[in-house]
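Each remark here refers to the structure printed beneath this line.
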């Protein structure tokens, strides 16, 4: 029986790569995203995959999405929480509370809403896995991006707590901590940091990978590979872990 997989924020970037990998591996997949343009492109490329417009900070929309996706898939085996925004890039004393709350709502509230709905399904069937996307910012912190780092640290604590709850039911919960993943999103992050510091884009980009043992950007497909592994029988005793896919970050200070 094919795996049944739901993914948040998966119409582009890392989420798209993970959805594609599961689909090409034979899984039944249903994604959501808030970006309608990205969803349209995704639907054109993957017409067999369910794709729904969802604001994952809305309890009602998440509940409706689960109803739709579960009906589409016929159940659930893997829940991938990928939603997140970069949030403001500024010293903490220059950050608006509304921007702080938005970053935390997308980056951790949505994980709670999806876990709350998927956990009882997994407990009942005595199988299933939750894969949460954190970040190396959730391991080291990130100056000038406190909301984002706080959300990613929260994801790890949430994941470890889920693992304690789900483990007795032979279900798992793990977090993937990507490093600097190639793509439009990291380019926006780098440019924002460069603007705040008044330095060229290339300086920040070099510093970001310069703190790694393997000095290159991570490919989105490498994050997808880890997600596939964590959802496979080979990972059945891996639970409550925060696993970095980052070329080994030695330091996260980029100044």
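Have a look at 167, 247 and point out the one that is surrounded by fewer than 18 Cβ atoms within 10 Å (Cβ to Cβ), closer than 30 Å to residue 114 by Cβ and in contact (Cβ under 8 Å) with a residue 60 or more places away in the chain.
Exactly one residue qualifies, and that residue is 167.
Just to be sure before I move on: is residue 189 crowded, with 17+ Cβ neighbours inside 10 Å, under 17 Å from residue 15 (Cα atoms) and at pLDDT below 95 in the structure I sent?
Taking the combined requirement at face value, the residue does not satisfy it.
A quick yes/no check of all residues on (1) within 20 Å of residue 11 (Cβ to Cβ); (2) at pLDDT below 95; (3) part of a helix (DSSP H, G or I):
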residue: 66; (1), (2), (3): yes, no, yes
residue: 85; (1), (2), (3): yes, no, no
residue: 93; (1), (2), (3): no, no, yes
residue: 101; (1), (2), (3): no, no, yes
residue: 105; (1), (2), (3): yes, no, yes
residue: 116; (1), (2), (3): no, no, yes
residue: 122; (1), (2), (3): no, no, yes
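Out of the residues in the stretch 231-244 that are outside any loop (DSSP other than H, G, I, E, B) and in contact (Cβ under 8 Å) with a residue 12 or more places away in the chain, state the one that is farthest from residue 4 (Cα to Cα).
It comes out as 244.
Going through the stretch 71-83 one residue at a time, which ones are touching a residue at least 12 places away in the same chain (Cβ under 8 Å) and not in a loop (DSSP other than H, G, I, E, B)?
Within the stretch 71-83, 72, 73, 78, 79, 80, 81 qualify.
Going residue by residue through the stretch 138-148, is there one that turns out to be touching a strand residue (DSSP E or B) at 6+ places or on another chain (Cβ under 9 Å) and farther than 25 Å from residue 58 by Cβ?
yes
Within the stretch 10-54, which residues are closer than 15 Å to residue 84 by Cα and surrounded by fewer than 17 Cβ atoms within 10 Å (Cβ to Cβ)?
35
Got a number for residues in the stretch 20-34 being within 17 Å of the chain's Cα centre (by Cα) and without any contact (Cβ under 8 Å) to a residue 60 or more places away in the chain?
Residues in the stretch 20-34 being within 17 Å of the chain's Cα centre (by Cα) and without any contact (Cβ under 8 Å) to a residue 60 or more places away in the chain: 6 in total.
For residues in the stretch 35-60 being without any contact (Cβ under 8 Å) to a residue 12 or more places away in the chain and in contact with a helix residue (DSSP H, G or I) (Cβ under 9 Å, 6 or more places away or on another chain), which is farthest from residue 107 (Cα to Cα)?
45
Quick check on the stretch 192-200. Is at least one of its residues surrounded by fewer than 20 Cβ atoms within 10 Å (Cβ to Cβ), touching a strand residue (DSSP E or B) at 6+ places or on another chain (Cβ under 9 Å) and within 23 Å of residue 15 (Cα to Cα)?
No; the residues of the stretch 192-200 include none that is surrounded by fewer than 20 Cβ atoms within 10 Å (Cβ to Cβ), touching a strand residue (DSSP E or B) at 6+ places or on another chain (Cβ under 9 Å) and within 23 Å of residue 15 (Cα to Cα).
Note down all Cβ pairs under 7 Å where the first residue falls in the stretch 126-145 and is more than 20 Å from residue 81 (Cβ to Cβ), the second is part of a helix (DSSP H, G or I) and modelled with pLDDT under 95, and they're at least six residues apart or on different chains.
144/193; 144/196
For the stretch 124-230, list the helices (runs of 4 or more DSSP H) that sit wholly inside it and hold at least 2 residues that are over 17 Å from the mean Cα position of the chain (by Cα); which are they?
146-166, 184-197, 201-210
The values are calculated or read from the model by the stated rules, or taken from the named source; none is laboratory data. Bear in mind that the values here come from a model prediction, so they are computed numbers and not experimental data. Glycine gets a Cβ as well: all are built from the backbone with ideal geometry, and neighbour counts include every protein chain shown.
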